[in-house]
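Report on the structure given below.
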Amino acid sequence: MTSAAGSARWVFGDQLGPHFLGPEEERGRDDADRVLLVESLRALQRRRYHRAKAHLMLSAIRHRAAELGDRAVLVRADTYREGVLASGLAPAALSVCDPTSYGARRLVRALGVHVLPARGFVTSESEFRAWAESRGKRRLLLEDFYRAVRQRTGILMDGEEPVGGRWNFDADNRLSPPRGATTLGLPEPWWPQEDAIDASVRADLDSWEAQGLISLVGDDGPRRFAATRDEALAVLDDFIAHRLPEFGPYEDAALAGDWVMAHSLLSVPLNLGLLDPREVIDRVVQSLAADGVPLSSVEGFVRQVMGWRDYVWHLYWHFGEDYVADSNALSAHEPLPRWWRELDSGAVTARCLSTAIGEVRERGWNHHILRLMVLGNWALQHGYDPRETTEWFTASYVDAYPWVMAANVVGMALYADGGRMATKPYAGGGSYIHRMTDLCRGCAYSPTQRVGPRGCPVTAGYWSFLARNRTALAGNYRMAQPLKGLDRLSDLEEVLLQERERGDAPP
Ligand SMILES: Cc1cc2nc3c(=O)[nH]c(=O)nc-3n(C[C@H](O)[C@H](O)[C@H](O)COP(=O)(O)OP(=O)(O)OC[C@H]3O[C@@H](n4cnc5c(N)ncnc54)[C@H](O)[C@@H]3O)c2cc1C
């Protein structure tokens, strides 16, 4: 790469941090003379996005352009291609870090832009390929990938051994919420303050929507997630100071009155490319010695970022472009009901589902357990079409991008790939939700009842899911126990009839 070619860098809207500007051989150095940013209207028209997501995407690009000042070339165009061609920068003189979707990768190559390896993850694509090849016919398990990365990077390692003598603290990290608590009692998170750029984005969105150019869903509201690097660093500091110590133990717990719990709120700035995951991990690991944060929380967090986040990124490429379209192992063809599409939490009686959908409507965000064990579980139970469900998650969540959705929705939540990613479906009944959350408290349904007016739709949905997929799941030894339970169910016919009658009515 010559310095002349390196002097004009095209950055996509998820490549907004300084680590996307330097040359390949010295990533920390920011030597780009000109930085091209393209705002594409067509990109916003592709889906019916959550208003908060559309706002974040544009706000982050415009803030970055303002920060870069004269170095920025910000182009507003219909498509990315038109934006590049209108920028006055010759594509052959531009470089770009390999983008994060199949379509964008094709585009940068078709335009003849110089393509550098992707950034924004701890491990490179070639490292993952080498690891995957070294597995032979063995499954590409997250746990094995994560351990290999720890060994290679030395993060949380004591020579050849994991720090603390254990790789995994999941067993310590599965606490139910504190008894009787309505919140974890942690300080209010640090929130960004909106500025004139945010206001300009809001005005543009309103005007485009009024002209019928775009269609959005979800509430408007103050921007809750970091859109600049300074804001992202403030969120990281705040998380380490106030929530990281409780992150591990309460990672899987949920409370209706505490939407953040001890989570980091870092997925947005990480996925916008404002923070390098390696710097986030280094800061979190430092807190072990510097602030005495428990190892179970530090390890639990490192596992999420260096393990899960990198793992789903690599699986997006490993499984291939047709993975979402071609995966439907459980023959799930139900369309999403209106209350999902319109984020109509008010139509829903079951408190877990109305809370989860209400949070999405309000902010375009839920923490992991509500995504997986409330909404994902419901979509799995009810046979929602995997492709449509993936589109819904991609459009509705502020931190969503196609690369992060494929494995999380198709593989993990819906088991639509027949077990390429997860060893068994993450299906659960109301008792799991009752144990890990307070969402059953005050609900019209009872998690222990399957039928009748108080029969819990999630519990009934679980049994009806098992009954419908009995044959498909029979060969999976991890499903042997649940299927035995199904055989013992005395009122199965009644449950199935009730669920058939419920149809797609809001539960
Ligand atoms: C059905 C489903 C959909 C999801 N959709 C998204 C999404 O659109 N974007 C997204 O970034 N994450 C997604 N996740 C993963 C996870 O739920 C979110 O990363 C997390 O809730 C974001 O909140 P946080 O930043 O406070 O995370 P924390 O709980 O504080 O976790 C720390 C970080 O770990 C990373 N992480 C943890 N788990 C995952 C994972 N499974 N995949 C990727 N990164 C992970 C994220 O970068 C996150 O910021 C999804 C999970 C499921 C089951």
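The values are calculated or read from the model by the stated rules, or taken from the named source; none is laboratory data. Since the model is a prediction, treat every value here as computed from it, not as a measurement. Glycine gets a Cβ as well: all are built from the backbone with ideal geometry, and neighbour counts include every protein chain shown. Quick note on the areas: whole protein, heavy atoms, side chains included, nothing else; ligands and nucleic acids left out. Shrake-Rupley method; radii C 1.70, N 1.55, O 1.52, S 1.80 Å.
Taking 18 Å as the straight-line reach from the Cα of LYS53, none of the lysines fall in range once those fewer than 8 positions away in the same chain are excluded. Within the shell defined by Cβ-Cβ distances under 15 Å, the residues around PHE393 carry a net charge of +4, with Lys and Arg each +1 and Asp and Glu each -1.
Among rounded, prolate and oblate, which fits the range 323-502 when a ≥ b ≥ c are the square roots of the eigenvalues of its C-alpha gyration tensor, a/c under 1.5 means rounded, and a/b larger than b/c means prolate? Because a/c hits 1.5 or more and a/b fails to exceed b/c, the range 323-502 counts as oblate.
At 1.4 Å probe size, with every protein chain present, just tell me what the per residue accessible area of the range 323-502 comes to in Å². It would help to have the intermediate numbers written out before the result.
On the way: 7020 Å² over 180 residues.
Accessible area per residue, the range 323-502: 39 Å².
For a Förster distance of 41 Å, can you work out the FRET efficiency between the beta-carbons of ALA199 and GLU127, rounded to the nearest 0.05?
Plugging the Cβ-Cβ distance into 1/(1 + (r/R0)^6) gives 0.45.
A simple spin-label model places pseudo-atoms 7 Å from Cα toward Cβ; at GLU67 and GLU342 they are separated by 4.0 nm. Taking all protein chains together and a 1.4 Å probe, the residues TRP190, TRP313, TRP259 rank TRP190, TRP259, TRP313 from largest to smallest accessible area.
Surface composition of the chain: carbon and sulfur make up 50 percent of the accessible area, probe 1.4 Å. Sum up the charges of everything whose Cβ sits under 11 Å from the Cβ of LEU186, counting Lys and Arg as +1 and Asp and Glu as -1, but leave LEU186 out. Once positives and negatives cancel, what remains is -3. Taking a straight line from the alpha carbon of LYS424, these lysines sit under 27 Å away, with near neighbours fewer than eight places off in the same chain left out: LYS137, LYS484. Counted residue by residue at 0.36 nm each, then reduced by the alpha carbon distance between them, the extension gain from ASP322 to ALA444 reaches 39.8 nm.
Pulled fully out, how much extra length does the chain show between HIS242 and ARG488, if you take 0.36 nm times their separation in residues and subtract their Cα-Cα distance? If you can, show how the numbers build up before the last one.
On the way: separation 246, 0.36 × 246 = 88.56 nm, distance 4.71 nm.
My answer for the length gained is 83.8 nm.
In this label model, ASN168 and ALA93 are separated by 5.4 nm, measuring between points 7 Å along each Cα→Cβ vector.
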